[in-house]
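Participant: The structure's right below; bear with me while I get my questions together.
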Amino acid sequence: MPRLVSHPDEVKIISRRFGQGAEKIDRYIELGGYESVKKCLAQTPDWIINEMKASNLRGRGGAGFSTGMKWSFVPKQSAKPKYVLVNGDESEPGTCKDHLIFLHDPHSVIEGTIIAGLAIGAKLGFIYLRGEYRYLLRIVEKAVADAYERGFLGKGIFGTQADFDIITQTGAGAYEVGEESALMESLEGKRGIPRIKPPFPAVVGLYGGPTIINNAETIATVPHIFAMGAEAYSAVGTPRNGGTRLFCLSGHVERPGVYELPMGYNLKKMIYEVGGGIRGGRKLKAVVPGGSSTPVLLPEEIENLGMDFDQVGKAGSMLGSGGVVVIDDQTCIVEFALRTISFYQHESCGWCIPCREGTDWLKKSLKRFHAGFGTASDIDNIRYLAENMLGRTFCPLGDAAAMPTAAFVKKFRKEFEDHLDGKPCPYAKEGVPQLTVV
Amino acid sequence: MSPKNMKEEPLTIFSPQLSARFDALVQKYPVKRSALIPMLLYAQDEVGYLSDAVVADVARRIGITELDVRSVASYYSMLRFKPAGKYNIQVCTNICCMLRGGYELFDRFREELGVEHKGITPDGLFSLEEVECIGACSWAPAIQVNYDFHDELDPDRVPGILDSYRSQAKAEGEAHA
Amino acid sequence: MADVTFTVDGKKLTAPAGTLLIEACRKAGIEIPSFCYYPGLSLQAACRMCLVRMAKVPKLQTACTTAVAEGQEFITNSPEIEQARKAMTELLLGNHPLDCPVCDAGGECELQDMTFKYGAGETFYAEAKNHREEQQWSPAVFYDRPRCILCYRCIRVCGEGMDVWALGIENRGSRSVIAPNQGNRLDCEQCGMCIDICPVGALTSGTYRYKTRPWEMHHVTTVCTHCADGCKVTLGLRQVDGAAEIIRSDNRDKSGMNNDFLCAKGRFGFDFAGSEQRLSMPLVRNAAGKLEPATWEDALRVAATRLTEIRGARGGSAIGVIGSNRTTNEENYLLQKFARTVLNTNNIDHERTTDYAAFARALAGQKGKTAGLRDVAFAPAVLLIGGNPTDEHPLLAWALRTDARLSKARLYVANASPIKLERQAKATLRVAAGGYKDLPAQLEKGESDFAKAVLAEESLVVVFGEEFRGADVANLVAWGLKRGNVTFAYLGDHSNSRGAADMGLLPDLLPGYVPLGQPAGFSEYEGLPTAPGKDLRQMLDAAGKGELGALLVMGANPVAKRGLDPAALKNTFVVALDIFLTETAEFADVVFPAASLYEKSGTVTNAFGDVQLVRKGADRAGVKSDFEILVRLAGEMGANIKALVPFGKTAVMGDLGQSRGVQSGEADRHAVWLAANGLEPRLSPFDPFAAFDEIVRLVPGYDLDRLNLLSGNDVRAEIGAAPGSALSTTDAIAPAHDGLFTSGTLGRYSKALKDIQEHQERELLESAAD
Ligand SMILES: Cc1cc2nc3c(=O)[nH]c(=O)nc-3n(C[C@H](O)[C@H](O)[C@H](O)COP(=O)(O)O)c2cc1C
Ligand code: SF4
Ligand code: SF4
Ligand code: SF4
Ligand code: SF4
Ligand code: FES
Ligand code: FES
């Protein structure tokens, strides 16, 4: 069971029911659950969407797009049924927050899904969990069954005229399926290959119907917004970055864990105060601020960095999925880069040339390089390759592989050079063999 | 000439429970094919891997070709076409786990089990796999044994974990006997 | 759609809204490289070769998926785009084995071209390349993963184009491979479309691989010799010891009616031409009753002498002539003229696979009522009655599928048993066995949903086949004519069955279905016998009864086809012209080694009445075209060659010593016609185009668009006879029902087709077993 942590700086909105037994429907209700959906049932879709816009909630899946805006793109009239899709594929290395939501508060996802359905006029929602989350799927399935039993799902929910159904779905191991259109393909029983856009999912999505897809955390946040009011929620964060988010602190901190902090919270503080500083009193070397696909930041770049989408973007990286990976000064960046690119090589769906070939090539080059067989030109070649993938792939996975790679080379060139000419990895530890890499 | 004639429905290779579950599953979605990936995973849970017979049975239930099934199944890394051990040990070595000793953990498993990545112990009890991030990054290093998570591990806990599964297997064996 | 205006590289372009940018650019001569884009197949956006800069959009866009709209601005020629293209080829080459020197595609590889045009001069790739063994999926198809660039064209052409769906992708990322439907084998139609569409050398053909280098071949475009659809094929030829050998057949020339398409027979079934079993010397039966090689002079003399004797002793009616479904129009025309004017017999027929005579009669006096293959391919609605085009008319099936898929055409299928094309059908009707003849009445009643839907169509192409004969053809056609706006296509088998019937290989009809009794233009034939002759079956019966003195068989195998007891021919002097020692030729007294369709020139007419030019490609030592053999035989018999084949300016022809001259009191009509049409007379009696000119002049319906034909285009022939034409017997009709891998007697001599057939039979067995 993942350990829950807490810190005084936390503002517990999404996580307020964690560890309280709220996976049980009665307890959820006791803790104020299913009140927001009732509120929304009495309102118009436009009202719901406007509240969402006012909340300044931005997608927690990675891209940080305004949730209210996204919902407003769905056409009011549609010949085909509309759908709500909850993205619980959570596979970006560094990210484990949806894990806790499904574990401790599955009803918040259900409630949020119903509200989203009301907003766009959908009658069916899907909650898609990555295949590895089987024990969480059972919890969510139980929660859905309980909600059906109470009449919160199905025909005439909460005694109204509205109908809403939820289907849970399992993946089977594929990071790329977290990409919204690939997830739709997967849900339709196909290979997780993204779709050509346009058309965008809001217009042509699952089964060809207008679809909104949101991250599980985004959806779980929705009921809280209606519980506390959009204004109040928005006020917690920074301008255009409403509320809090679950930051997954990992790596070389003393107290890793998932902390709920207001948007804009200072990264340095997050590492040193919330996370208890670098493990074993070592020095900070670098931090990956938003999951493995986000460009690495140097200690000097985080001095005054507020963790919201805009500020991290300005600093040349991305807030991404909220996975803050802390790297100490005993870590080999080349090895870290290699492990990162190995992941993307493994997960590339293979559809497009730049990503399929680029990740394969980068992995081979970095592997050879790290093994001590690098040449000076490799360093530029690696960067050249990464830069030539950027912006040219079919979906953002290619960028997700290229961006961090380019940043590693750019910011740690010296360390790459230290590997040259058959020199052993300067960080090689006694007794630790070369990494095998899947 | 080329399309094969539809054959008589053969008896299913799945247990009555799973078969009934599949019957329900194909009805559950707006489109039958949506049941494909869960079916493959559940079939693998029961049979151990996606044998030719599993592929054929699932293809028939959904009404697609075996090629379609293979094409989809081979995309997903949890689905396999070869048997694994009774307990498939999946060690995450991705960045967060790596930073906190994922490789040391993996090596310890290799030593204890005497198998490499994707290897199976001779008794068929365990198989070992190095896997990508399993969503337990803040509790690294983490592993999954089949679907069970074990987190905040260190190599010294490896023998204990293995023992617990050995006794679980033994208990099951006795229960069956 | 309304036109929109947009700019590309500063140039203003106009195209209908929604046109794909890549198409709009190509039309305007702006080159956009692409691998995965293929016109007519679904969009992929996978190869990223076609990236362009679109104003106000942060990322580069794929031209293959961008629909043009008013006011857009694009840049395709900037350093940024050049770099994107260069990088893409570099990335592709990273894992690509550079085995161009031995690769089948070397020299005609899109990756090579792309690298040459857009790529980098040097490679900086230093990593080991991913390796995988080459796989053989079937006798026809091999796959080499390292060369594969994963453009998915093969998958799409097989699925969307062929509706076979035999190919898929397995694994993901750089481990992705193209996979066949049976694990490591292909159970499919073996059309080889996937090979043809592959931009690189990843899919190669069992018949061609490692045989040659593309630049060592020269190419000749002609017409497939197998089914009656008439695909244009390009033969790849290699010069060997003064002869030209076919080593490949494909459709690189996409100007034919078949456009992208060829089936297994057209693509792989050319190898019969190079078979060791080909006849290469004339054979004459010796005193011991054995066939032995002879010189051309001897063989011609023996044949001519005996034929002349029999004609003299027993009259022309004691001689029978059986023509071919695979010889050219000119040869067929010449054969009937030879039979009628030299042998003085109307005992002439061919293996009729359908009842074109009835079709002609039903359309008597009509014009423009037949549908060419192109008409079918673009028809808004088609009623397909009977048959199974997928197996028997593969190009027709392709055309119907494409029409349904890309033009949303409505296909109606009425059939006694289920056929694959029903998948494309808007409606299907199961016809009772033997119930086809009632269909017109049933449709007219308009009771069933099927009939209602058909009747609601504003225009309709009715495609039908041998299930209709004689009066049934007349009924169906009458129904359609009454409805108006209906055109017809009537299917026969083999590459020139329509031509055989059109050219008068019939006992009671002259070319163009002109009745013997009212020979019209053919009255110029010298000594045309007027009594109808025997049909094929009657001839064979007569031979069996010892009543047929001689039988001349050109490119036909009635012994095998009719299961004839060869003893039935023992009292008949048999002359065979063939490319193989067929069951029939084996019992002949004189056998002439003939050239195949790929070794001669002329024209053929497909089932739809589309006439195409046949060009001589291969060259085989020892053989002569049927045309030349017939002319020489006639010469040897002392016939007036100038009357048989109009050639030469003057009345004298040196070596044959014959003269046509001006018939008593009559001008040379052919010369007059030539002059009137501004044409030159042909110089040699062996020039089939001399007969062609006469066909155009005399045969109703063959007043062809000659310029177009001679420049390689297909042109339309009309079918239809003068009202009141005599009835041609229908009971001699025997459809071939060849499948995808069979082609009458000819197909048996194709190793490639035999191997494929055996492979497919094994697949069938295996699938029955599991
Ligand atoms: C390669 C790739 C992987 C992704 N994985 C996930 C994921 O696991 N979970 C998720 O919520 N979003 C993921 N996304 C983002 C989704 O495409 C999508 O933007 C998101 O689910 C939208 O929800 P939001 O607006 O609530 O953030 C991924 C995107 C890409 C390109
Ligand atoms: S970038 Fe291309 S290959 Fe990579 S995951 Fe996306 S579509 Fe697939
Ligand atoms: S040969 Fe034809 S039918 Fe067979 S896989 Fe290739 S395209 Fe498909
Ligand atoms: S085999 Fe050829 S056509 Fe098929 S994906 Fe590979 S390169 Fe493309
Ligand atoms: S057999 Fe018919 S369909 Fe096949 S290539 Fe020849 S003409 Fe075309
Ligand atoms: S990196 Fe190991 S669980 Fe995420
Ligand atoms: S041609 Fe546009 S991506 Fe391949």
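The values are calculated or read from the model by the stated rules, or taken from the named source; none is laboratory data. All values reported here derive from a predicted model rather than from experimental measurement. Glycine gets a Cβ as well: all are built from the backbone with ideal geometry, and neighbour counts include every protein chain shown. These accessible areas exclude ligands, DNA and RNA; they are computed on the full protein's heavy atoms, side chains included. Shrake-Rupley method; radii C 1.70, N 1.55, O 1.52, S 1.80 Å.
Participant: For C:Lys129, are the conditions met, namely being assigned to a loop (DSSP other than H, G, I, E, B), touching a Pro at 6+ places or on another chain (Cβ under 8 Å), surrounded by fewer than 17 Cβ atoms within 10 Å (Cβ to Cβ) and modelled with pLDDT of 85 or more?
Facilitator: yes
Participant: Please list, ordered by residue number, the helices (runs of 4 or more DSSP H) wholly in segment C:307-402 having 1 or more residues that are of a type in the set (Asp, Glu) and open to solvent by 10 Å² or more (accessible area, probe 1.4 Å).
Facilitator: C:373-377, C:389-392
Participant: When you go through A:Thr340, A:Thr331 one by one, which is the residue that is touching a residue at least 24 places away in the same chain (Cβ under 8 Å), away from ligand 4 (no atom under 16 Å from the Cβ) and either within 14 Å of chain C (Cβ to nearest Cβ) or not in a helix (DSSP H, G or I) (or both)?
Facilitator: Selected residue: A:Thr331, the only one of A:Thr340, A:Thr331 that is touching a residue at least 24 places away in the same chain (Cβ under 8 Å), away from ligand 4 (no atom under 16 Å from the Cβ) and either within 14 Å of chain C (Cβ to nearest Cβ) or not in a helix (DSSP H, G or I) (or both).
Participant: Out of segment A:55-77, which residues are among the basic types (Lys, Arg) and either part of a loop (DSSP other than H, G, I, E, B) or not assigned by TED's automatic domain parsing to the domain that holds A:Glu176 (or both)?
Facilitator: A:Arg60, A:Lys76
Participant: Condition first: within 9 Å of ligand 4 (Cβ to nearest atom) and over 30 Å from A:Leu362 (Cβ atoms). Now tell me which residues in segment C:174-201 satisfy that.
Facilitator: C:Cys194, C:Ile195, C:Ile197 - these are the residues of segment C:174-201 that are within 9 Å of ligand 4 (Cβ to nearest atom) and over 30 Å from A:Leu362 (Cβ atoms).
Participant: Any idea which residue in segment A:388-397 is farthest from ligand 1 (Cβ to nearest atom), counting only those that are at negative phi and facing another protein chain (nearest Cβ under 9 Å)?
Facilitator: A:Asn388
One line per residue, one yes/no per condition, for (1) away from chain B (no Cβ under 12 Å); (2) at pLDDT 95 or above; (3) part of a helix (DSSP H, G or I):
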site	(1), (2), (3)
A:Leu249	no, yes, no
A:Arg255	no, yes, no
A:Lys268	yes, yes, yes
A:Ser292	no, yes, no
A:Met318	yes, yes, no
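Participant: Oh, and also: Out of (1) at pLDDT 95 or above; (2) within 19 Å of C:Gln760 (Cβ to Cβ); (3) within 12 Å of chain B (Cβ to nearest Cβ), what's the single condition that is false for C:Ile178?
Facilitator: Unmet for C:Ile178, out of (1) at pLDDT 95 or above; (2) within 19 Å of C:Gln760 (Cβ to Cβ); (3) within 12 Å of chain B (Cβ to nearest Cβ): (2).
Participant: With a cut-off of at least 1 residues that are open to solvent by 40 Å² or more (accessible area, probe 1.4 Å) and of a type in the set (A, V, I, L, M), name the strands (runs of 3 or more DSSP E) lying wholly within segment C:1-102.
Facilitator: Values: elements: C:3-8, C:11-16, C:51-54, C:73-75.
In segment C:1-102, the matching strands (runs of 3 or more DSSP E) lie at C:73-75.
Participant: Go through segment B:103-141 and give me each residue that's at the interface with chain A (Cβ under 9 Å from one of its Cβ atoms), in contact (Cβ under 8 Å) with a residue 12 or more places away in the chain and among the small types (Gly, Ala, Ser).
Facilitator: Those that are at the interface with chain A (Cβ under 9 Å from one of its Cβ atoms), in contact (Cβ under 8 Å) with a residue 12 or more places away in the chain and among the small types (Gly, Ala, Ser): B:Ala136, B:Ser138, B:Ala140.
Participant: Residue check, B:Met78 against (1) open to solvent by 10 Å² or more (accessible area, probe 1.4 Å); (2) of a type outside the set (Phe, Trp, Tyr); (3) in the same structural domain as B:Ala142 (by TED's automatic domain parsing); (4) touching a Gly at 6+ places or on another chain (Cβ under 9 Å), all met but one. Which one?
Facilitator: Result: B:Met78 fails condition (3) only.
Participant: Which members of segment A:78-97 meet the condition of being within 8 Å of ligand 1 (Cβ to nearest atom) and in a loop (DSSP other than H, G, I, E, B)?
Facilitator: A:Asp89, A:Glu90, A:Ser91, A:Glu92, A:Thr95
Participant: Further, regarding this structure: Pull up segment A:26-42, narrow it to residues that are in a helix (DSSP H, G or I) and open to solvent by less than 30 Å² (accessible area, probe 1.4 Å), then point me to the one that is nearest to A:His224 (Cα to Cα).
Facilitator: Checking each candidate, the answer is A:Ser36.
A quick yes/no check of all residues on (1) part of a helix (DSSP H, G or I); (2) within 30 Å of C:Gln336 (Cα to Cα):
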position	(1), (2)
C:Ala453	yes, no
C:Val461	no, no
C:Glu467	no, yes
C:Trp479	yes, no
C:Ala489	no, yes
C:Gly499	yes, yes
C:Gly504	no, yes
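Participant: Looking at segment B:61-103, which of its residues are outside any helix (DSSP H, G or I) and of a type in the set (A, V, I, L, M, F, W, C)? Quick ask: steps written out before the conclusion?
Facilitator: In the first step, residues of segment B:61-103 are kept if they are outside any helix (DSSP H, G or I); the result is B:63-65, B:74-94, B:100-101.
Result: B:Ile64, B:Met78, B:Leu79, B:Phe81, B:Ala84, B:Ile89, B:Val91, B:Cys92.
Participant: Here is a further query. List the number of the failed condition for B:Pro83; all other conditions in (1) away from ligand 3 (no atom under 16 Å from the Cβ); (2) facing chain A (nearest Cβ under 7 Å) hold.
Facilitator: Unmet for B:Pro83, out of (1) away from ligand 3 (no atom under 16 Å from the Cβ); (2) facing chain A (nearest Cβ under 7 Å): (2).
Rundown of residues vs (1) away from ligand 6 (no atom under 16 Å from the Cβ); (2) within 21 Å of the chain's Cα centre (by Cα); (3) not hydrophobic (A, V, I, L, M, F, W, C), yes/no style:
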| site | (1), (2), (3) |
| --- | --- |
| C:Tyr143 | yes, no, yes |
| C:Arg147 | yes, no, yes |
| C:Cys158 | yes, yes, no |
| C:Trp165 | yes, no, no |
| C:Gln182 | yes, no, yes |
| C:Ile197 | yes, yes, no |
| C:Pro214 | yes, no, yes |
| C:Cys227 | yes, yes, no |
| C:Gly242 | yes, no, yes |
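Participant: Would you mention how many residues in segment A:243-270 are within 16 Å of ligand 1 (Cβ to nearest atom) and either surrounded by fewer than 24 Cβ atoms within 10 Å (Cβ to Cβ) or under 24 Å from A:Ala54 (Cα atoms) (or both)?
Facilitator: Residues in segment A:243-270 being within 16 Å of ligand 1 (Cβ to nearest atom) and either surrounded by fewer than 24 Cβ atoms within 10 Å (Cβ to Cβ) or under 24 Å from A:Ala54 (Cα atoms) (or both): 6 in total.
Participant: Kindly indicate the residue of segment C:146-167 that is in contact with a Pro (Cβ under 8 Å, 6 or more places away or on another chain) and within 14 Å of chain B (Cβ to nearest Cβ) and also farthest from ligand 2 (Cβ to nearest atom) among those meeting that condition.
Facilitator: Per the stated criteria, the residue is C:Val164.
Participant: Would you confirm whether any residue within segment C:371-384 is at positive phi and out of contact with any Cys (no Cβ under 7 Å at 6 or more places or on another chain)?
Facilitator: Checking segment C:371-384: not a single residue is at positive phi and out of contact with any Cys (no Cβ under 7 Å at 6 or more places or on another chain).
Participant: For segment B:164-177, give me each residue that is surrounded by 11 or more Cβ atoms within 10 Å (Cβ to Cβ) and among the acidic types (Asp, Glu).
Facilitator: The one that is surrounded by 11 or more Cβ atoms within 10 Å (Cβ to Cβ) and among the acidic types (Asp, Glu): B:Glu172.
Participant: Given the residues C:Gly289, C:Gly315, which is the only one that is in the same structural domain as C:Val614 (by TED's automatic domain parsing) and modelled with pLDDT under 95?
Facilitator: Exactly one residue qualifies, and that residue is C:Gly289.
Participant: Tell me, please, whether a residue that is of a type in the set (A, V, I, L, M) and open to solvent by less than 20 Å² (accessible area, probe 1.4 Å) can be found in segment B:7-17. Before the answer, list the steps.
Facilitator: Initial filter on segment B:7-17 (of a type in the set (A, V, I, L, M)): B:11, B:13.
The next check asks that each one be open to solvent by less than 20 Å² (accessible area, probe 1.4 Å); those that pass are none.
The answer is no, given that none of the residues of segment B:7-17 is of a type in the set (A, V, I, L, M) and open to solvent by less than 20 Å² (accessible area, probe 1.4 Å).
Participant: While we're here: Determine which member of the set C:Arg185, C:Arg238 is on the phi < 0 side of the Ramachandran plot and more than 14 Å from chain B (Cβ to nearest Cβ). Break it down stepwise before answering.
Facilitator: Numbers: C:Arg185 fails: more than 14 Å from chain B (Cβ to nearest Cβ).
Being on the phi < 0 side of the Ramachandran plot and more than 14 Å from chain B (Cβ to nearest Cβ) holds for just one of C:Arg185, C:Arg238, which is C:Arg238.
Participant: Just to check your reading of the model, which residue among C:Thr295, C:Thr222 is out of contact with any Asp or Glu (no Cβ under 6 Å at 6 or more places or on another chain) and surrounded by fewer than 15 Cβ atoms within 10 Å (Cβ to Cβ)?
Facilitator: None of the others qualify; the one that does is C:Thr295.
Participant: Consider A:Val222 carefully, then state whether it is free of Cβ contacts under 8 Å to residues at least 12 places away in the same chain and either surrounded by 17 or more Cβ atoms within 10 Å (Cβ to Cβ) or under 18 Å from the mean Cα position of the chain (by Cα) (or both).
Facilitator: Numbers: free of Cβ contacts under 8 Å to residues at least 12 places away in the same chain: no; either surrounded by 17 or more Cβ atoms within 10 Å (Cβ to Cβ) or under 18 Å from the mean Cα position of the chain (by Cα) (or both): yes.
Spelling it out, it is not the case that A:Val222 is free of Cβ contacts under 8 Å to residues at least 12 places away in the same chain and either surrounded by 17 or more Cβ atoms within 10 Å (Cβ to Cβ) or under 18 Å from the mean Cα position of the chain (by Cα) (or both).
Participant: Also: Which one of these does A:Arg383 not meet: (1) within 11 Å of chain C (Cβ to nearest Cβ); (2) away from ligand 6 (no atom under 16 Å from the Cβ)?
Facilitator: With respect to (1) within 11 Å of chain C (Cβ to nearest Cβ); (2) away from ligand 6 (no atom under 16 Å from the Cβ), A:Arg383 is out only on (1).
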